[in-house]
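The values are calculated or read from the model by the stated rules, or taken from the named source; none is laboratory data. Quick caveat: nothing in here was measured; it's all calculated off a predicted structure. Ideal geometry is used to build each Cβ from the backbone, glycine not excepted, and the neighbour counts take in all protein chains shown. Just so you know, the surface numbers come from the protein's heavy atoms only, side chains and all, with ligands and any DNA or RNA stripped out. Shrake-Rupley method; radii C 1.70, N 1.55, O 1.52, S 1.80 Å.
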Amino acid sequence: MNGRFATGILGTGSCLPDKRLTNHDLEKIVETSDEWILQRTGIRERRVLEEGVPAAELAETAARKAMARAGIEPGSLDLIIAATITPDSLTPSMACSIQARIGAVNASAFDLNAACTGFIYALHVAQQYIATGAAAQVLVVAVEGLSRVTDWQDRKTCVLFGDGAGAVVLGRVEDGTGVLASMTGAAGEQGGCLTLPAFHMTDTDREVRPHGKTQTIWMDGSEVFAFASRTMADSVRKVLEKAELSVEDLDWIFPHQANMRILQNAQKRLKFPMDRIYSNLEFTGNMSSASIPVCLDEAVEKSLLKKGDLLALVAFGGGLTYGATAIRWSMD
Ligand code: COA
């Protein structure tokens with residue numbers, strides 16, 4: 001156990017927008033094909049927020065589901081952490097908007113930006129609060145409206161991303177269950193290969209955005225691909241080592257969903273069965289920080305997870321950042 005109190009997931013929730021954008025829809029927007037996207041990424045469709053709908057709406061629904069599943073009232077939450085790179089506004093933060101929407105009057109609230117690794121970082125932070133006794137119940141919501149920062153004229157990126165929200169309620173669990181170990185890291189010197197400017201544009205930022213859009217994602221896909229393939233397997237190994245466990249002990253891997261070929265590379269490096277690497281990429285695309293908690297909630301809905309199962313959650317993304325969590329499942 002890391003600290004005085006063992007910390008585990010008490011409830012999960014998720015919410016995706018209703019609107020689907022298929023590869024065939026994208027064929028009408030940019031020069032691409034369903035075949036190319038499916039072969040190179042594994043994605044068939046993604047969900048996108050309707051215009052005028054705040055991402056906080058998805059976050060609220062996901063949060064309410066997670067609280068209902070955990071049997072927890074909003075008033076008993078001590079802390080809300082929202083992992084996001086696409087908040088509706090910088091202030092109020094997404095976490096404060098969620099707090100207001102659900103009426104969690106006793107909670108502190110802040111946003112955390114670690115891009116696609118945001119959920120892993122947020123779990124790690126939440127666990128420190130709970131393990132030390134600073135908080136008893138924490139809501140982590142990972143929510144993204146990536147369609148709002150997508151350059152719909154750039155075929156190299158617009159086929160990849162989707163919108164969605166996933167949430168978990170964390171609290172004290174039996175010793176020996178819950179989060180066993182976490183690891184997080186960053187490679188800021190490689191930050192330039194995945195960018196989304198906010199209030200300052202460099203010359204490079206302008207050069208790589210020939211369509212004149214300022215707040216859009218730009219990515220050197222092959223650089224990120226190489227980084228992801230390497231760090232995904234390494235991070236799983238490192239977090240298991242910290243927990244004094246090995247790949248053979250794992251029941252499931254819940255990876256960040258960016259590209260099916262990245263998952264296949266990790267599978268080969270780890271020699272772990274593909275059918276135990278959870279993926280919903282085909283129907284959601286890359287939802288950045290929201291990918292892992294949405295997958296977790298789907299797995300709970302499908303009754304795939306048993307109490308006592310050992311899971312590795314693992315992510316990489318903008319920053320660049322990476323991280324993993326080893327968790328002994330504690331929900332019935
Ligand atoms: N449709 C058709 N052709 C496309 C295309 C699309 N949507 N996107 C790119 N292409 C073309 C390129 O223009 C290039 O053509 P060229 O050789 O004539 O220049 C060709 O396909 C190959 O491009 P490349 O970028 O080498 O493809 P790839 O196999 O590396 O796949 C990504 C590109 C983006 C799918 C892949 O690099 C990737 O998934 N990277 C990691 C992304 C990621 O994880 N991002 C999130 C981090 S959290």
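Of the residues examined, Ala186 is not one that is within 17 Å of the chain's Cα centre (by Cα) and at positive phi.
Within the stretch 236-253, not a single residue is touching a residue at least 60 places away in the same chain (Cβ under 8 Å), within 16 Å of the ligand (Cβ to nearest atom) and not assigned by TED's automatic domain parsing to the domain that holds Leu21.
In the stretch 209-222, the residue that is nearest to the ligand (Cβ to nearest atom) out of those that are farther than 25 Å from Leu90 by Cα and surrounded by 11 or more Cβ atoms within 10 Å (Cβ to Cβ) is Gly221. Does the stretch 266-275 contain at least one residue that is within 16 Å of the ligand (Cβ to nearest atom), among the aliphatic types (A, V, I, L, M) and open to solvent by less than 10 Å² (accessible area, probe 1.4 Å)? Yes: the stretch 266-275 contains one or more residues that are within 16 Å of the ligand (Cβ to nearest atom), among the aliphatic types (A, V, I, L, M) and open to solvent by less than 10 Å² (accessible area, probe 1.4 Å).
Of all residues in the stretch 252-261 being open to solvent by 10 Å² or more (accessible area, probe 1.4 Å) and touching a helix residue (DSSP H, G or I) at 6+ places or on another chain (Cβ under 7 Å), which is nearest to Asp163 (Cα to Cα)? The extreme case among them is Ala258.
Just one of the listed residues (Met201, Met183) is away from the ligand (no atom under 16 Å from the Cβ), part of a loop (DSSP other than H, G, I, E, B) and of a type in the set (A, V, I, L, M), and it is Met201. Applying a threshold of 9 Å to beta carbon distances and a minimum spacing of six or more residues, or different chains, the list of pairs starting in the stretch 25-44 at a residue that is of a type in the set (Ser, Thr, Tyr) and ending at one that is part of a loop (DSSP other than H, G, I, E, B) reads Thr32/Val159; Thr41/Val159; Thr41/Leu160; Thr41/Ala258; Thr41/Asn259; Thr41/Gly285. Taken together, the criteria exclude Phe227 from residues that are open to solvent by 10 Å² or more (accessible area, probe 1.4 Å) and either touching a strand residue (DSSP E or B) at 6+ places or on another chain (Cβ under 6 Å) or among the hydrophobic types (A, V, I, L, M, F, W, C) (or both).
Go through the stretch 210-233 and give me each residue that's touching a residue at least 60 places away in the same chain (Cβ under 8 Å) and either within 20 Å of the chain's Cα centre (by Cα) or at positive phi (or both).
Restricting attention to the stretch 210-233, the residues satisfying the condition of being touching a residue at least 60 places away in the same chain (Cβ under 8 Å) are 211, 213, 215-219, 221, 224, 227-228, 231-232.
Answer for the stretch 210-233, where residues must be touching a residue at least 60 places away in the same chain (Cβ under 8 Å) and either within 20 Å of the chain's Cα centre (by Cα) or at positive phi (or both): Thr216, Ile217, Trp218, Met219, Gly221, Val224, Phe227, Ala228, Thr231, Met232.
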